[in-house]
Structures are given as C-alpha cells and as structure tokens.
C-alpha cells in the first residue's frame with residue numbers, strides 16, 4: 001500500500017486542466033497543519049499500517065510553510081522503507097534539505113501558464129460515463145501508482161478523490177486506512193477509470209471539459225462544498 005499526503009491546495013502554476021482543478025477552483029480548507037498530520041500518524045500507528053512508500057504532494061508542497069517539518073514528522077512516524085519523495089513542479093529552485101531516504105521528484109508538468117512556459121496537461125474533466133464508456137476503479141492505475149490519499153479532511157481512495165468528490169458532490173473520505181471504500185459513482189466519471197486506449201478514444205470525441213464538469217465547477221464557485229476537517 002502507498003500513501004500520498006496532499007498538504008495544500010496552493011500552487012505557483014495554474015496548469016490548464018490540473019487534476020486538482022487549481023486553475024478552476026480553490027479548496028479553502030485543504031491545507032494541513034502539523035498538528036493534523038501528527039494526529040493522522042496516530043491513526044496510522046493504531047492501524048499498524050505499513051506503506052511501500054510515501055509521497056508528499058499538493059498543490060505545490062514546497063509552498064507550504066511547514067513542509068520541511070512535515071517531511072521530518074512523516075519520516076519519524078510512518079514506516080515506509082521505499083522510495084519516499086516530495087512531488088514538485090520544480091519552479092522553486094531553492095528547497096529545504098530532505099531526510100535520508102527522501103528525494104524531490106520533479107513531475108513533468110505540461111503547463112501553458114506563462115510563468116513556466118510549458119504546455120498544457122491532458123484534459124481530466126470529462127465523464128467517461130456520459131460518453132458511453134465504462135470506467136471503473138479496477139481499471140485505474142492512479143491509485144496503484146500514488147496510493148490512497150490523505151489530506152486535511154481525512155483518508156481517501158486516491159489522491160485525486162478530494163477534488164473529484166467535491167465537484168461530483170460525493171464524500172470521498174474515510175477515517176482510517178483500513179476503512180477504504182470505493183465510491184463507484186465517482187470512478188465512473190473519472191478518466192483514470194479507463195484503459196489508456198479507451199482514454200485516447202474518449203479524448204478524440206469529447207470536449208476538453210464536458211458539460212457535467214462545467215456545471216460542477218460553476219456550482220462549486222457559487223457555493224463551495226466543505227467536508228469536515230479531520231484530526232482536529
């Protein structure tokens with residue numbers, strides 16, 4: 001099992017079609033505190049959970065004022081002997097040192113934001129279900145690659161579930177790592193629930209953002225959904 005800890009929803013890039021929708025919405029209660037992370041580690045201790053590796057992500061985690069302390073806290077408290085890393089877009093060049101066994105992993109952002117001058121991400125906000133495709137959690141490679149998610153509102157089935165859950169009005173959170181649930185109603189509207197071949201076919205026929213997500217983004221901007229913050 002792997003764990004991705006999303007410590008903030010702030011980024012110094014605004015990548016088009018970011019899978020956290022940072023270019024479209026702001027999730028105001030997403031930033032974790034050191035105290036929250038420490039209590040989440042208590043839950044992990046109680047469960048006796050062992051992770052293959054841990055990823056610290058965001059947003060852009062290097063923008064969190066307590067990131068260095070958070071990495072050291074995770075290094076002390078969570079047993080994860082594998083390739084532990086901080087996922088970053090690389091735009092901040094001077095970064096704090098990491099503990100032994102940790103590294104910065106610079107994701108290959110394809111970003112049309114003029115601040116970085118790179119190209120845009122592939123579109124995320126298309127519902128396979130609405131175009132006749134059968135997306136499912138079983139097909140998804142994201143949760144296998146990144147693991148279950150953890151943020152200020154609790155554990156979730158994958159690192160993108162926090163954003164998709166808010167837009168689709170489905171609570172993706174559970175209290176403990178062992179209580180993982182898979183809201184199939186969410187997965188069927190996520191392009192990661194398709195095979196690569198199916199995803200290519202979907203992108204050939206679908207707009208960059210379909211009507212379901214246009215409506216969801218508009219409704220969120222007018223009336224944001226706030227799930228209860230955990231570990232407080």
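Projected label points at residue 141 and residue 35, each 7 Å from Cα along the beta carbon direction, are separated by 4.2 nanometres. Axis angle, to the nearest 10 degrees, between helix 211-222 and the longest C-alpha principal axis of the chain: 50 degrees.
Take every DSSP beta bridge with both residues inside the chain and express the antiparallel ones as a percent of the total, to the nearest 5. Numbers along the way, then the final one.
Values: 5 of 19 bridges.
Roughly 25 percent of the DSSP beta bridges within the chain come out antiparallel.
Pull out a ≥ b ≥ c, the square roots of the eigenvalues of the alpha-carbon gyration tensor of the range 1-156, then state rounded if a/c is under 1.5, prolate if not and a/b is larger than b/c, and oblate in the remaining case. Oblate, because a/c is 1.5 or more while a/b does not exceed b/c.
Hey, can you rank 206-216, 165-175 by average C-beta count inside 10 Å, highest first? Numbers along the way, then the final one.
Values: 206-216: 16.1, 165-175: 18.3.
Final packing ranking: 165-175, 206-216.
Go ahead and run the numbers for FRET between residue 103 and residue 212, Cβ-Cβ distance against an R0 of 25 Å, rounding to 0.05. E between residue 103 and residue 212, to the nearest 0.05, is 0.10.
Globularity index of the range 1-61 is 1.29 (Cα radius of gyration / 2.2 N^0.38 Å, N = number of residues). Comparing mean-square fluctuations of 59, 149, 48 from a GNM of the chain with C-alpha springs under 10 Å, the top value falls on 48.
In percent, rounded to a whole number, the relative contact order of the range 119-191 is 40, using alpha-carbon pairs under 8 Å and six or more apart. Pull out a ≥ b ≥ c, the square roots of the eigenvalues of the alpha-carbon gyration tensor of the range 143-232, then state rounded if a/c is under 1.5, prolate if not and a/b is larger than b/c, and oblate in the remaining case. The shape class here is oblate. Post the alpha-carbon centroid distance, the range 143-182 to the range 1-43, in whole angstrom. Taking the Cα centre of the range 1-43 as reference, the centre of the range 143-182 is 11 Å away.
Please find the FRET efficiency linking residue 73 to residue 205, where r is the Cβ-Cβ separation and R0 is fixed at 41 Å, and quote it to the nearest 0.05.
Numbers: r = 46 Å, r/R0 = 1.12.
Once rounded, the FRET efficiency stands at 0.35.
The angle separating the long axis of helix 67-77 from the principal Cα axis of greatest extent in the chain is about 70 degrees. When only alpha carbons of the range 160-205 are considered, Rg and Dmax amount to 12.7, 39 Å. Grab the beta carbon distance between residue 1 and residue 28, set R0 = 25 Å, and tell me the FRET efficiency rounded to 0.05. With R0 = 25 Å, the Cβ-Cβ based efficiency is 0.25.
Values in this text are rule-based calculations from the coordinates and carry no lab data. Since the model is a prediction, treat every value here as computed from it, not as a measurement. Positions of Cβ are backbone-derived with ideal geometry, glycine not excepted, and every protein chain shown enters the neighbour counts.
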